[in-house]
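Read the figures in this text as sums done on the coordinates, not as results from a lab. Here the structure is a predicted model, which means the values were calculated and not measured. FYI the Cβ positions are ideal-geometry reconstructions off the backbone, even for glycines, and counts take in every protein chain you see.
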Amino acid sequence: MTTPTTTTNRVAQDFEKPLWRRVLLTREFAIVGLLVLVTIVAAAGVRGFSQPITLNYLLLDIAPILLIALPMTLIMITGEIDLSVGSMVGLASVVTGIGVQAGIPFEAAALLALLVGAIGGAFNGFLVTVVGLPSLAVTIGTLALFRGLAVGLLGTTAITDFPEMWSALAKAKIAGTTIPYISVPFAVLFAIFVVLLHFTPFGRGIYAIGLSKDAARFSGVHVERTKLILFILAGVVSAFAGIYYTLRFGSARGDNATGLELQVIAAVVLGGVSVFGGRGHLYGVVAAALLIGVLASALRLANVTSDVINIITGVLLVLSVVTASVLTWLQKTRRRPRRPPRVAASTAS
Amino acid sequence: MTFTSTTRIPVSGLSKHVGALGRAREFGILVALAVVVAAATAKNPSFLFSADGWRDLLLTPSILVLVAVGQAIVIITRNVDLSVGSVMGLSAYLTGRLFIDVPGLPIPVVVLVAVAFGGALGLINGALVAFARVPAMVITLGTLYAYRGINVMWAGSSRVNASDMPKEFLALGTGQILWIPTLAIIAFVVLAAAAWYMRNTRGGREYYAIGSDPAAAELYGLKVTRRILTAFIISGALAGLAGVFYAARYGSVSSQAGAGWELDAVGAAVIGGVAITGGVGSVWGAAIGAILLMTINRALPILGIPDFWQRAVVGVLIIGAIVLDRWLAVRQRRQLIEARDNS
């Protein structure tokens, strides 16, 4: 069993254990296993699930969650959180819509939305790193602020006039398959984030900050700069998800993607990232997001209402953290020595 | 009515300043509230000086006050309860259904059942947080989904309508005693009781200790598990009572009742001076923060700002409040260090 999650007892991976135990007995692998299991059961048991078109709708639906879960994972590994991502999706959506309505080309409006995302993320990052405020409180404030700006700019109207080419691209499939085009940007982002997290000093720094901010600082990690960059990344990716959301539904509204942040956090926590920071892997998060998507999709096809789906999501979330906590406790009790270690006889005399 | 800070440090001479800082915060938001009300009344005198105006000023926030007080107690212990909106919705629907399915049940019994129900839901949260040592944010996020799902499953697409509930109950919601809405009076009594408990009893003070430094509280011998459990039960029970108020005030309850109220409650507490890191703040502040939030909602259109901007204003307020908190904390620490160096 790998990294325990208590603040007092986090150690690096236990290299005494064989590789198969290190990989297979992790939370992330359990989620992947659960995903495979649920997919098989759904394909066998739910009528209409094993059609190729299901994968298409599934990916189209959870694309925003998948996209935003990537930077959110990194932020939560450092021990922070960003609750404003859903509101940023809405704000980016509104900015895109207003830009298009004002007559500027769609590409420029989209770039403007990305810039707004970067500025919003920088605002979050500034308040957390420079002013030193807790990220939970800051992002609750910016959740209201960004959503307020989005609704304030557009009111209750919706902008629905978008260039045909881009709308079609958002919903189109890769030739010959049922995989939507949005998977390509997602795959690219996923690759970038994996490299960033696991193959750069920046990524090691992220884990270090999560495990111990002060130790990381003394080891030479630029704690503030890292966090600032992560919040800006979250803002930009949220804005990108907002542009996709707008194109996919063909409508820019102030209340787009309300509540999205909770779904993203649910996917991230379910995927094995500890809320305290310091542990977690991207593949677990992606598997968890897909798991929630597959469950929701299969249940919907089986005519189960969305409230039951919400109950299941909630219970899954609670169970996942409780099991992690119970396993950590078991680990601690198992590691305790059964009899007190014998003190070596002193050779001083 | 004394507003007191909880960060009283036994350093001679400095304790007065520290106490003043705490009092300053609640006083500050009270002043902000007065300014908002004054500005709105100046523009449109019926905001305050009409029968409806005065009633709405006190009535609508009463519900959020209850939820904010419960939330403040939980936040003071360095946790957070994101499920209060769903608990409130479930409790409101339960109230309606009790009146429909069990006719003749006296109103106090219905209220008690709803409050107990909310307390039981809070107990689930508290048990998971206190015993499994799981971060409260994740647990209450899960129960937010789960409880709301149960609510929708139970209610389906039906609503409880005003015609389903006894007239005396609805009269509670809209009635007044001496020109003050009944619900506001009840909310004030609950608020005063909570404030007295937090300030003057050992249990209340221990919440602050646990929030300031959980490890130290544990080592000191405080029953941390029991206190955290109680905090969540109180939060759930108050959300349950808020659900009853909601049913009495609006008369019509759908399965989406209370959705989004949890963030409003956290926002109200934060604006009212309760630090999100725990150990600081008072329920008075959270209550005034709740009244301020709801009043701004009504005052904005009168002040000429389209109410679409209301969320943005709330966001700015929350950010301003925590920046202020931070500035005060830094200043206080500097003063303490100076006092220690000078003594």
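So the values come out like this:
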read-out	value
Max mean-square fluctuation residue, GNM over chain B, Cα-Cα springs under 10 Å, options B:ALA136, B:ALA116, B:ALA146	B:ALA146
B:TYR220-B:ILE177 FRET efficiency (beta carbon distance; Förster radius 35 Å; 0.05 resolution)	0.20
Where Cα atoms sit under 30 Å apart: lysine pairs in the protein assembly as shown separated by 8 or more or lying on different chains	6
For B:ILE180, residues with placed amide H under 5 Å, excluding near neighbours	none
Extension gain from B:ALA192 to B:ASN44, taking 0.36 nm per residue of separation minus the Cα-Cα distance	50.1 nm
Size of charge dipole - region A:182-271 - debye, nearest 20, with Cβ of Lys, Arg +1 and Asp, Glu -1, no other charges	140
GNM result for chain B, Cα springs below 10 Å: residue of B:TYR145, B:TYR93, B:TYR220 fluctuating most strongly	B:TYR220
Volume in Å³ per residue [convex hull over Cα atoms, computed for region B:151-281]	136
Sequence ranges B:57-64, A:138-145, ranked by mean other-Cβ count within 10 angstrom, highest first	A:138-145, B:57-64
Top of A:SER219, A:SER274, A:SER87 by mean-square fluctuation, Gaussian network on chain A, Cα under 10 Å	A:SER219
Proxy reagent accessibility, fewest Cβ within 10 Å first, across B:ASP341, B:ASP307, B:ASP213	B:ASP341, B:ASP213, B:ASP307
Least to most buried among B:SER343, B:SER86 (fewest other Cβ within 10 Å first)	B:SER343, B:SER86
Per-residue HN-Hα couplings for region A:73-87 [Karplus 6.51, -1.76, 1.60; θ = phi - 60°; Hz; x = Gly/Pro]	4, 4, 5, 6, 5, 7, x, 9, 8, 10, 8, 8, 5, x, 5
Cβ-Cβ FRET estimate between A:VAL184 and B:TRP327, R0 fixed at 51 Å, reported to 0.05	0.65
Radius, Kirkwood style, for chain A when every pair of distinct Cα atoms is counted (Å)	21.6
Relative contact order %, region A:211-295, counting alpha carbon pairs below 8 Å whose residues are six or more apart	19
Mean Cα-pair separation over length for chain A, i.e. relative contact order, pairs under 8 Å, 6 or more apart, %	32
Acute angle (nearest 10 degrees) that the helix A:306-335 long axis makes with the longest principal axis of chain A, alpha-carbon atoms	20
If the convex hull is drawn through the Cα atoms of region B:91-139, its volume per residue in Å³	73
Among B:252-264, A:315-327, the order from most to least packed when residues are scored by Cβ within 10 Å on average	B:252-264, A:315-327
Hz values of 3J(HN,Hα) by residue in region B:72-81 - Karplus curve (6.51, -1.76, 1.60), Gly and Pro given as x	4, 4, 5, 5, 4, 7, 6, 10, 8, 10
A:LEU19 paired with B:GLU338, simple spin-label distance in nm, labels 7 Å along Cα-to-beta-carbon	6.2
Rough spin-label spacing in nm, given labels placed 7 Å along Cα→Cβ, for A:SER251 and A:THR323	3.8
Positive-pole candidate from A:LEU55, A:ALA42, A:ILE75, dipole of region A:14-148, charges at beta carbon	A:ALA42
Residue (of B:VAL113, B:LEU229, A:SER84) at the positive-pole extreme of the protein assembly as shown, dipole from beta-carbon charges	B:LEU229
Chain lengthening between A:LYS213 and A:ILE104 when straightened (0.36 nm per residue, less Cα-Cα)	34.8 nm
For region B:63-69, Karplus couplings with θ = phi - 60° (6.51, -1.76, 1.60), whole Hz, Gly/Pro x	5, 5, 4, 4, 5, 5, 5
